Amino acid sequence: MTIRQNLEHIHQQIENACLATGRNKSAVKLLAVSKTKPVTDIQAAIDAGQRAFGENYVQEGVEKIQFFATKHPELEWHFIGPLQSNKTRLVAEHFDWMQTVDRAKIADRLNDQRPADKAPLNVLIQINISDEASKSGIRPEEMAALAKHIENRPHLRLRGLMAIPAPSDDIGEQEKALNAMKNLFEQLQALCPNQQIDTLSMGMTDDMASAIKCGSTMVRIGTAIFGARNYG
């Protein structure tokens with residue numbers, strides 16, 4: 001299967017999941033997770049119509065952004081990995097979205113380091129919805145305070161929530177966590193009516209259909225598009 005064929009297959013899966021729950025397929029955005037993948041693979045995805053890409057590693061992501069900046073300025077780049085405070089400047093200067101904000105210090109640094117000539121940085125609050133010690137993100141009860149903090153940062157634009165629920169072969173367990181995220185998302189919309197809270201980023205290859213059923217507006221797919229990752 002080529003990258004183009006893989007993308008077509010994923011789009012069909014998204015459409016099928018939307019049809020099954022009465023949603024319009026345009027309500028769910030596909031983020032192609034391109035971490036560890038070469039620019040030739042990203043170019044193949046671009047040629048197939050993909051425009052939004054997610055990166056987990058700051059320096060690798062910046063290099064790709066710079067590579068495509070002139071040829072494809074329309075691309076949208078999302079940082080989706082854990083971020084150390086000493087790397088915030090690179091994200092603030094180069095990325096369009098930061099999906100893993102989980103503390104006020106990171107929000108402050110991103111706000112202060114966002115160039116004045118760029119649009120505000122779109123940010124999502126990462127929720128550790130399955131309460132996993134190995135995962136980044138805040139507890140659900142901490143969401144309101146962090147949201148209000150971000151809301152007062154002029155160079156950030158709060159857009160919603162992101163989560164990586166614990167993997168499970170039990171669809172009921174999958175949907176329990178995903179529905180909890182949907183409820184938090186609706187709480188955030190009510191809490192911040194003056195913000196454009198329109199993005200609930202959840203769902204990867206194994207739980208994409210369940211995530212869409214539970215209200216996801218953005219699914220993050222990597223291996224099913226680009227093949228197995230090379231961490232060497």
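The values are calculated or read from the model by the stated rules, or taken from the named source; none is laboratory data. Just so it is clear, the model here is predicted, and its values are computed rather than measured. Please note: Cβ atoms are built from the backbone with ideal geometry, for glycine as well, and neighbour counts cover all protein chains shown. Accessible surface is based on the protein model in full, side chains and every heavy atom, while ligands, DNA and RNA are left aside. Shrake-Rupley method; radii C 1.70, N 1.55, O 1.52, S 1.80 Å.
Counting only residues that are of a type in the set (Val, Ile, Thr) and under 23 Å from ASP198 (Cβ atoms), the range 64-114 holds 5 of them.
Can you tell me how many residues within the range 141-177 are part of a helix (DSSP H, G or I) and closer than 21 Å to ILE212 by Cβ?
Of the residues in the range 141-177, 7 are part of a helix (DSSP H, G or I) and closer than 21 Å to ILE212 by Cβ.
The set of residues in the range 71-104 that are open to solvent by 30 Å² or more (accessible area, probe 1.4 Å) and closer than 17 Å to MET143 by Cα comprises ASP102, ARG103, ALA104. Residues of the range 53-70 that are surrounded by fewer than 16 Cβ atoms within 10 Å (Cβ to Cβ) and not acidic (Asp, Glu): TYR57, GLN59, GLN66, PHE67, ALA69, THR70. For the range 192-232, residues that are acidic (Asp, Glu) and assigned to a loop (DSSP other than H, G, I, E, B) total 1.
Summed over the range 222-232, residues that are open to solvent by less than 10 Å² (accessible area, probe 1.4 Å) and in contact with a Ser or Thr (Cβ under 6 Å, 6 or more places away or on another chain) total 0.
Taking the range 176-211 as the range and being in contact with a Lys or Arg (Cβ under 7 Å, 6 or more places away or on another chain) and open to solvent by 20 Å² or more (accessible area, probe 1.4 Å) as the test, the residues that pass are GLN196, ASP198, MET204.
Summed over the range 105-119, the residues that are open to solvent by 40 Å² or more (accessible area, probe 1.4 Å) and touching a helix residue (DSSP H, G or I) at 6+ places or on another chain (Cβ under 9 Å) give a count of 5.
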